[in-house]
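To start, the structure itself, in structure tokens.
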Amino acid sequence: MYDEQQRPEHGPLSGFTVGVTAARRADELGALLQRRGATVVHAPALRIVPLADDGELLIATKELIDNAPDVVVATTAIGFRGWVEAADGWGLGEELLARLRSVELLARGPKVKGAVRAQGLTEEWSPSSESMAEVLDRLLEEGVDGRRIAVQLHGEPLPGFVESLRAAGAEVVLVPVYRWMPPEDIGPVDRLLDAALTRGLDALTFTSAPAAASLLSRAEERGVHAELLAALHHDVLPACVGPVTALPLQALGIDTVQPERFRLGPLVQLLCQELPGRARALPIAGHHVEIRGHAVLVDGALRPVPPAGMSLLRALARRPGWVVARSELLRALPGAGRDEHAVETAMARLRTALGAPKLIQTVVKRGYRLALDPAADAKYADA
């Protein structure tokens, strides 16, 4: 009988495929996932276009230097750094920093606070939650009527934030530091979408709201929006670095998982808990079998399984111990056609991949079944 104490070492994400939509720090996120055993599919869902030569940013910068605001809200680290770098390029860097030293400077979260302090500035306040809603609450509690507030945009407009300030009597100056744009090569995004639609992904990660919005927009352009939502509802786990990132998905009724600390490391650790918890574990023929995305753990040993074999195994695992007819298994095979011989071929390869042929029994003239341990039969009798 399988001894839990003897399980060989393997990564907690071994056998799972994770999609990465990040444009920035994608290599870091991918490396963290791969070190824990995951197969990573990366497709940046957007690209960052700096506005160093954009007249809007230059005009906004000069206006703030000449006419001091009461408050400046820095929303992203990369955006704040880009703003100062652009000002340096125009010969306005020292003047901008001098102006920022003279106003109430709010930083949206620890990363932005770090960027602010790297420029020799000190923020007046920063929420630990990284939530723009919390920044808005603080401003409204202080009172903004008649005050001039500059907001460094973080790649997309902030209509709810800006409108609330204006409705409360504030004059809002927008500082557009960079914009999110669709990727120049849309091919990787389409392949990532296809992997999600065919359930070739176990999880899809998002590290920015614009990336989530961009992927959803591309799905709509291709006419597969409803199919993508169905995949995210039921089979592909959407994992977001924080609540702001999750907003485009939640607006469509998609539940997401988020770490308590809004960082890449905690996001990966969360996946290390969530994905193994979603895997199907069964006692079969005296073995402990755990069915993962593209592999199976048999007594703790990782066994990669071809896609056709995984399709058959999942069909058998829906009703453990029950006989599944060849005709039904044929329908589960991707692109198998009408020849039931394809089931026999795929089944032979599956048994070889599992390394324990007795896990799956052939029931003559009827089909196949998982050789569920007798003690577990009653549990799954009405499955």
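The values are calculated or read from the model by the stated rules, or taken from the named source; none is laboratory data. All of these numbers come straight from a predicted model, not from anything done at the bench. Positions of Cβ are generated from backbone atoms using ideal geometry, with glycine treated the same way; all protein chains shown enter the neighbour counts. We work out accessible area using only protein heavy atoms, side chains counted, and drop any ligands, DNA or RNA first. Shrake-Rupley method; radii C 1.70, N 1.55, O 1.52, S 1.80 Å.
Quick look at the values:
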| quantity | calculated |
| --- | --- |
| Gyration tensor (Cα) of region 258-329, equivalent ellipsoid semi-axes in angstrom | 29, 13, 11 |
| Largest-first principal axis extents, alpha carbons of region 54-142, Å | 34, 23, 23 |
| Extreme residue, positive dipole direction of region 127-250, given options VAL177, VAL244, ALA211 (C-beta unit charges) | VAL177 |
| Distance cut-off 22 Å, percentage of C-alpha pairs in region 126-227 lying past it | 47 |
| Total charge dipole magnitude, region 250-314, about the Cα centre, Cβ charges on Lys, Arg, Asp, Glu only, Debye to nearest 20 | 120 |
| Carbon and sulfur %, accessible surface of the chain computed with the full protein complex present, 1.4 Å | 49 |
| For region 225-371, the fraction of alpha-carbon pairs in successive 5 Å shells from zero, as % | 2, 9, 16, 17, 15, 12, 11, 9, 6, 2, 0, 0 |
| Solvent-accessible area per residue, Å², over region 302-379 with all protein chains present [probe radius 1.4 Å] | 57 |
| Estimated inter-spin distance, GLU56 and GLN250, nm [label 7 Å along Cα→Cβ] | 2.6 |
| Nearest-20 debye value, region 26-110 charge dipole, Cβ charges on Lys, Arg, Asp, Glu | 580 |
| Rounded to 5, percent antiparallel among DSSP beta bridges of the chain | 45 |
| Projected label distance in nm at GLU221 and THR352, using a 7 Å step from Cα toward the beta-carbon | 4.2 |
| Calculated FRET efficiency for the pair GLN34/GLU142, C-beta based, R₀ 35 Å, to 0.05 | 0.15 |
| Equivalent ellipsoid semi-axes, the chain, via Cα gyration tensor eigenvalues times 5, rooted, Å | 53, 20, 17 |
| Where GluC sites (Glu not before Pro) fall in DSSP loop in region 133-214, at most 13 other Cβ within 10 Å | GLU184 |
| Radius, Kirkwood style, for region 144-296 when every pair of distinct Cα atoms is counted (Å) | 17.9 |
| At R0 = 51 Å, FRET efficiency that the Cβ-Cβ distance of ARG338 and ARG24 yields, to 0.05 | 0.60 |
| FRET E, pair LEU97, GLU63, Förster distance 22 Å, beta-carbon r, rounded to 0.05 | 0.85 |
| Helical mean residue ellipticity (222 nm; -39500 (n - 2.57) per DSSP H run of 4+; nearest 500) of the chain | -13500 deg cm²/dmol |
